[in-house]
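S.K.: The structure is given below, and queries will be raised subsequently.
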Amino acid sequence: MFNLECNFNIMVFRFLLIIVLLTSACKEHSKENLATKAEVIKEKEPESNIDLEIYDFEGFQKFLNKTDDKTHVINFWATWCGPCVKELPYFEQLNAEYKDKGVEVILVSLDFPHAYESKLKPFITEKGLKSKVIVLNDAKENTWINKIDESWSGSIPATIIYNKNERKFFERSFTFKELIKEVKQLK
């Protein structure tokens, strides 16, 4: 009887030992999964070190009326605007190839304030934008749209190309070739 009882206790002990080992292995596996999930989340949502320059129209006007020797290209866009996003690489290429030739590119985001952290900053980082990006945040668009250009309906993309002698306004998308052509006409 003692032998049978001893065998039973050994079996119970082994069973409990297996359960403990499996439980601890599952916990370790879960910890690994949590760590992996945390790393994935960090990769998908990188912390942004971007400090946005946000202007109301009064503060923004300084970008519209420079009288230096540069040609200024100001593009109005937003992350939610498909045609805007499609043409951004052309403005980036213009900035890269012509910034040392007297051309200044400014990308004016018209994104909504609630999207600055969740959409705009990650977009700037993801696309690696090198041009100066500023935000125009002024709820009185019915006033400032006409001050930018009387013909502007307010739709985007829209672009101003100007220097101290001439100014052109475009309410349309550009290809790189078209953009270069317009810039060269003002140089």
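S.K.: Out of curiosity, is K130 under 19 Å from V73 (Cα atoms) and assigned to a loop (DSSP other than H, G, I, E, B)? Steps first, please.
M.R.: Working: under 19 Å from V73 (Cα atoms): yes; assigned to a loop (DSSP other than H, G, I, E, B): yes.
Answer is yes for this residue.
S.K.: While we're on this one: Taking the range 84-100, which residues are over 21 Å from K70 (Cα atoms) and either open to solvent by less than 30 Å² (accessible area, probe 1.4 Å) or among the charged types (D, E, K, R) (or both)?
M.R.: C84, K86, E87
S.K.: Here's a follow-up. Those residues that are assigned to a loop (DSSP other than H, G, I, E, B) and closer than 16 Å to I160 by Cβ, I need them from the range 98-127; list them, please.
M.R.: L110
S.K.: So, one more: Regarding the range 44-61, can at least one residue be identified that is modelled with pLDDT under 90 and in a helix (DSSP H, G or I)?
M.R.: Taking the range 44-61 as the starting set, the residues that turn out to be modelled with pLDDT under 90 are 44-51.
Narrowing the set further to residues that are in a helix (DSSP H, G or I) leaves 44.
Yes, because at least one residue in the range 44-61 is modelled with pLDDT under 90 and in a helix (DSSP H, G or I).
The values are calculated or read from the model by the stated rules, or taken from the named source; none is laboratory data. All values derive from a computational prediction rather than experimental measurement. With ideal geometry, Cβ positions are generated from the backbone for all residues, glycine too; neighbour counts draw on all protein chains shown. Ligands, DNA and RNA are excluded from the accessible area calculation, which covers all protein heavy atoms including side chains. Shrake-Rupley method; radii C 1.70, N 1.55, O 1.52, S 1.80 Å.
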